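Here the structure comes first, spelled out in structure tokens, and everything after it is commentary.
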Amino acid sequence: MAYILPHIMEMPSYQSGKQPADQRAIKLNLNENPFPPSKRVFEALQSIQVDSLKRYPDQLCQELCEEIAKQNFVKAEQVFCGNGSSEIISLLFTVFIGAQGRIALPDPTFSLYENVAARFQVECVKIPTREDYAIDLNSLIKTNADAIILVNPNAPTGLLLPSSDIEYLVCHYSGLIVIDEAYIDFADPKNSAVPLIHQYDNVIVLRTFSKVFSLSGIRIGYCFSNPQFIAALEKSKNLYHVNTISQQLALAALKDKEYLNTTINRIKQIRDRFSARLKELGFTVLPSETNFILCTPPSHVNKTAKELYEAFIQRNIYVRYFDSPRLKDKLRISVGTEEEMEILFNVVCSIIKEGK
Ligand SMILES: *Cc1c(COP(=O)(O)O)cnc(C)c1O
């Protein structure tokens, strides 16, 4: 007897980067922030009263929503917090798209969307990006899908779509528009789509604490939209989905703007320097506005991207390799600390020498 539904049986598992057990491994494969969270997070963690944990958390994450609202010039009823933006992504399908719906998204992009679509029996219309990985907005609009999903800056390309293009999209498309801004703080925040939620009632903007705030482990994401959409998300979520500890730690992180800006600038500096050095070695590097780079090794390395990826693992360095037509000659490398990138760079140089 078949217990598991056929579409779940057929669905591939989400392919995530490896989490090596070895603590000394250099992990540049999940776009995590290499720097620790703010000291304020540490203090907040220490000040948590164990006794307070006998109570359920605040269902609405009110304090957190209010602080997020204040910092982004919106009202608290325009903010929803979830258990990672991954939870919010699932909720979008529950609330807005539904089984048998259709979504359109560029290819390549963050593959979780396709995975969740399969779970909800939603059709994914994938519109190839141009040769330079620029997003083909008109083709996305022409699909007439129920929703268009844009990751901005896009992953794994790192390319930013300027706000003028997003404005073009909202003017020409009346379906749901989801803009996933997991990496927007690494770009010029002037390109954020958040202000559009005041003028357009079909826009949802996603953010997360996982990347810029160095808090992947606490699982909090949030989104901005109109109050009706936010209320619909609230109604549809699981009970008490964001735990008490995470809510307090996220709030503490938000209040340390100075640390946030310092780490972002540091990561951008490391990224730009590492990109420039790879280019000197002959790599092609897409101009990233995120905390990762997508690069193509030159032929004189005498190794394919996949072989390089494996050679790095031999040296306890983990980057990301995607075995798909548009990405199979490339590596996605998250920006680590100065020391980590120095080690990686030296490994690349020694592999090139060996090949000669
Ligand atoms: C990392 C990432 C997320 C974050 O997901 P969380 O569940 O909040 O950790 C969301 N969208 C994109 C495009 C990402 O790269």
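Rule-based calculations on the coordinates, nothing more; no lab input. Remember, predicted model here, so these are calculated numbers, not experimental data. FYI the Cβ positions are ideal-geometry reconstructions off the backbone, even for glycines, and counts take in every protein chain you see.
Within the same chain, lysines fewer than 8 places from LYS235 are excluded, and of the rest, those with a Cα less than 26 Å from its Cα are LYS54, LYS70, LYS75.
Sequence-ordered 3J(HN,Hα) estimates for region 263-268 from the Karplus curve with 6.51, -1.76 and 1.60 and θ = phi - 60° stand at 5, 4, 5, 5, 5, 4 Hz, glycine and proline given as x.
Determine, from the Cβ-Cβ distance of GLU354 and ALA134 and an R0 of 41 Å, the FRET efficiency 1/(1 + (r/R0)^6), rounded to the nearest 0.05. The calculated FRET efficiency here is 0.70. Within the set of other residues whose C-beta is less than 15 Å from the C-beta of ASP188, count the net charge using Lys and Arg as +1 and Asp and Glu as -1. Residues near ASP188 contribute -2 overall. Put a dot 7 Å past each Cα toward the Cβ at SER47 and GLU280; how far apart are the dots in nm? Between GLU280 and SER47, the simple spin-label model gives 4.6 nm. Between HIS172 and ASP272, the simple spin-label model (points 7 angstrom out along Cα→Cβ) gives 3.2 nm.
If you sort the three axes of the alpha carbon gyration tensor as a ≥ b ≥ c, you get a/c of 1.5 or more for region 39-256 and a/b above b/c, which makes it prolate. Couplings 3J(HN,Hα) of region 41-50, computed from phi: 5, 4, 5, 5, 5, 5, 8, 6, 7, 4 Hz, in residue order, whole Hz [Karplus 6.51 cos²θ - 1.76 cosθ + 1.60, θ = phi - 60°; x for Gly and Pro].
Can you compute the FRET efficiency between GLU66 and SER299 using 1/(1 + (r/R0)^6), with r the Cβ-Cβ distance and R0 = 41 Å? Round to the nearest 0.05. Please list the in-between numbers first.
Working: r = 55 Å, r/R0 = 1.33.
For GLU66 and SER299, the calculated efficiency is 0.15.
Based on Cα contacts under 8 Å between residues 6+ apart, the chain shows a relative contact order of 23 percent. Placing +1 on the Cβ of every Lys and Arg and -1 on the Cβ of every Asp and Glu, with nothing else charged, gives the chain a dipole about its Cα centre of roughly 620 debye. Residues whose amide H falls under 5 Å from that of VAL125, counting only those 5 or more places apart or on a different chain, are ILE103, ALA104, LEU105, with hydrogens built in the peptide plane. In the chain, with Lys and Arg counted as +1 and Asp and Glu as -1 at Cβ, which of these residues, TYR321, PRO20, ASN238, has the Cα nearest the positive end of the dipole, that is, farthest along it? Checked the options; the winner is PRO20. Dividing the summed -39500 (n - 2.57) terms of all DSSP H runs of n ≥ 4 by the residue count of the chain sets its mean residue ellipticity at 222 nm at -11000 deg cm²/dmol. What pairs from LYS303/LYS328; LYS190/LYS328; LYS18/LYS190 go past 24 Å between their alpha carbons? In this structure, LYS190/LYS328; LYS18/LYS190 lie more than 24 Å apart at Cα.
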